[in-house]
Amino acid sequence: MLVVQKYGGTSVGTLDRIDAVAKRVAKTKEAGHDVIVVVSAMSGETNKLIDYAKHFSKSPKQREMDMLLSSGERVTSSLLAIALSEIGSLAVALSGGQAGIKTDNSHTKARIESIDRTCIEKIIKKGSIAVIAGFQGITELGEVSTLGRGGSDLSAVAIAGALEADLCEIYTDVDGIYTTDPRIEPKAKKLEKISYDEMLELASLGANVLQTRSVEMAKKLNVNLVTRNSFNDNEGTLITKEENIMEQPLVSGVVLDKNQARITLRGVIDKPGIAAEIFRKLSKTDINVDMIIQNVGQDGTTNLGFTVPQNELEIARNAMKSLNASKSVEYDSDIIKVSIVGVGMKSHSGVACTAFDTLFKEGINLEMISTSEIKISIVILAKYGELAVRALHAAYKLDK
Ligand code: ADP
Ligand code: ASP
Ligand code: MG
């Protein structure tokens, strides 16, 4: 079997942890499998490097940021390869570029364009373990690029897809995918399986246990994806096709997204083209606008509200400066988005009603609502976030 194992920041967070990972990797190899390892930087390292850059500049060049941030993963990949050699397993550390990961030129959020398998295959043929620095690749011009936060998940899935691996294991600090973040609700239950689509929703709605793009790619390339705990031998969660799951629960999970901010425009002129003008301005800045609500117009004006990632609020504020489309603009980062996800919702009614009722009973006001076939998202005041998660988790009996 060809196995790709990805170890996240906490799993390689100390030298002792790297030693423990080396032993786990060696064990997989000794069991007769070919192994490719992808590693994150030590936990906290990427944030630390970003802070270092901020010390010198408010807006450092993205190219330089990629040179800087990619270093964290190179440290852990080299150390792990050294540790593996020391316990008698042949291993070769590779940067993303050396591993053949080719990306476009969008520094700090590059997209993988192709993977040249030659180098990794050569290493495996020799009976060695390829230990690849996650989160990075190389552009056509030979520049180092990074794949966006949490991007080592994407490196692992992309490599598993390109090399047609039998299994891609994502090792982290919890046993798998839970019905909600177990750090918020200790009663959360680990799921044995979850569909790609539900996982995609959970990830994009804020469950950072897997990077959204990695799930997208796993679905596209049909990668057998498992998340597991690097600290124990418990079975993890399989992320798979919907048809492989016998019984779909109504609701699979509850997610909290803290990285949300709201922009409200009051007294917007109610005529065609205004919304287009506003969102054209924002799209030029590459900001992901999420929920959009426009009220029914009155007296020729209306109110328009939408959410953006909180860490992009300043960019949005700058973009809005040159607009003259409303009487006033309010910026509000004291909000949070809670969402419920479940494929089973497709064929059931009353799911939203339960959510609204639950939040009402907790005295939580609904600021914004949006729904799709398999999710309901509600914006509420930030201070109610964890309370809402626990209440909804109980309301849909996810702790049972
Ligand atoms: P890594 O460093 O291994 O990439 P992350 O911190 O990115 O790990 O992701 C793991 C964390 O995701 C867990 O510690 C957990 O708190 C959080 N998390 C959020 N939602 C969920 C969920 N539904 N199931 C499991 N973990 C979740
Ligand atoms: N080290 C990077 C980050 O913190 C990538 C990763 O861990 O996946 O975002
Ligand atoms: Mg992660």
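What tally of residues in the range 144-171 results from selecting those that are more than 15 Å from the chain's Cα centre (by Cα), closer than 13 Å to I101 by Cβ and of a type outside the set (A, V, I, L, M)?
Going through the range 144-171 one residue at a time, the tally reaches 2.
Just checking, does the range 106-124 include any residue being part of a helix (DSSP H, G or I) and either within 15 Å of the chain's Cα centre (by Cα) or within 14 Å of ligand 2 (Cβ to nearest atom) (or both)?
No; the residues of the range 106-124 include none that is part of a helix (DSSP H, G or I) and either within 15 Å of the chain's Cα centre (by Cα) or within 14 Å of ligand 2 (Cβ to nearest atom) (or both).
Answer with yes or no whether I245 is more than 30 Å from I292 (Cα to Cα), in contact with a strand residue (DSSP E or B) (Cβ under 9 Å, 6 or more places away or on another chain) and more than 16 Å from ligand 1 (Cβ to nearest atom).
For I245, the condition - more than 30 Å from I292 (Cα to Cα), in contact with a strand residue (DSSP E or B) (Cβ under 9 Å, 6 or more places away or on another chain) and more than 16 Å from ligand 1 (Cβ to nearest atom) - is met.
What strands (runs of 3 or more DSSP E) lie completely within the range 332-400 and have 2 or more residues being surrounded by fewer than 18 Cβ atoms within 10 Å (Cβ to Cβ) and of a type in the set (S, T, N, Q)?
368-372
What about D34, is it surrounded by 15 or more Cβ atoms within 10 Å (Cβ to Cβ), farther than 30 Å from N232 by Cα and of a type in the set (D, E)?
It is false that D34 is surrounded by 15 or more Cβ atoms within 10 Å (Cβ to Cβ), farther than 30 Å from N232 by Cα and of a type in the set (D, E).
Would you be able to say whether some residue in the range 34-44 is under 19 Å from A156 (Cβ atoms), among the aliphatic types (A, V, I, L, M), in contact with a Ser or Thr (Cβ under 6 Å, 6 or more places away or on another chain) and away from ligand 1 (no atom under 16 Å from the Cβ)?
So far as the range 34-44 goes, yes, one or more of its residues are under 19 Å from A156 (Cβ atoms), among the aliphatic types (A, V, I, L, M), in contact with a Ser or Thr (Cβ under 6 Å, 6 or more places away or on another chain) and away from ligand 1 (no atom under 16 Å from the Cβ).
Among the listed residues S70, S40, which satisfies the condition of being within 15 Å of ligand 2 (Cβ to nearest atom) and in contact with a strand residue (DSSP E or B) (Cβ under 6 Å, 6 or more places away or on another chain)?
Only one candidate passes the filter, namely S70.
Name the residue, out of A316, A325, A275, that is in a helix (DSSP H, G or I), surrounded by 13 or more Cβ atoms within 10 Å (Cβ to Cβ) and at pLDDT below 90. Lay out the reasoning, then the answer.
Values: A316 fails: at pLDDT below 90; A325 fails: in a helix (DSSP H, G or I).
Being in a helix (DSSP H, G or I), surrounded by 13 or more Cβ atoms within 10 Å (Cβ to Cβ) and at pLDDT below 90 holds for just one of A316, A325, A275, which is A275.
Using beta carbons and a limit of 6 Å, which pairs, at least six apart or on different chains, have the first residue in the range 162-184 and free of Cβ contacts under 8 Å to residues at least 12 places away in the same chain and the second one in a strand (DSSP E or B)?
Every condition considered, no pair remains.
Being surrounded by 21 or more Cβ atoms within 10 Å (Cβ to Cβ) and farther than 28 Å from E330 by Cα is the requirement here; does L221 meet it?
So L221 does not fit the description; no.
Output the residues belonging to the range 50-65 that are more than 16 Å from ligand 3 (Cβ to nearest atom) and either under 22 Å from the mean Cα position of the chain (by Cα) or of a type in the set (K, R) (or both).
D51, K54, K58, K61, Q62, R63, M65
Only residues in the range 28-39 that are assigned to a loop (DSSP other than H, G, I, E, B) count as the first member; pair them with residues that are at pLDDT 95 or above and of a type outside the set (A, V, I, L, M), Cβ under 9 angstrom, at least 6 apart or cross-chain, and list the lot.
As it stands, the answer is H33/D166, since those pairs meet every condition given.
Residues are listed down the side, and each one gets a yes or a no for (1) touching a residue at least 24 places away in the same chain (Cβ under 8 Å); (2) out of contact with any Ser or Thr (no Cβ under 8 Å at 6 or more places or on another chain):
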site: N303; (1), (2): yes, no
site: V308; (1), (2): yes, yes
site: L313; (1), (2): yes, no
site: G363; (1), (2): no, yes
site: D399; (1), (2): yes, no
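I'd like the residue in the range 180-199 that is assigned to a helix (DSSP H, G or I) and buried (at least 22 other Cβ atoms within 10 Å of the Cβ) and, out of all such residues, is farthest from ligand 3 (Cβ to nearest atom).
E198
The values are calculated or read from the model by the stated rules, or taken from the named source; none is laboratory data. Keep in mind that what you see is a predicted model, and the values were worked out from it rather than measured. Every residue, glycine among them, receives a Cβ derived from its backbone with ideal geometry; neighbour counts consider all protein chains shown.
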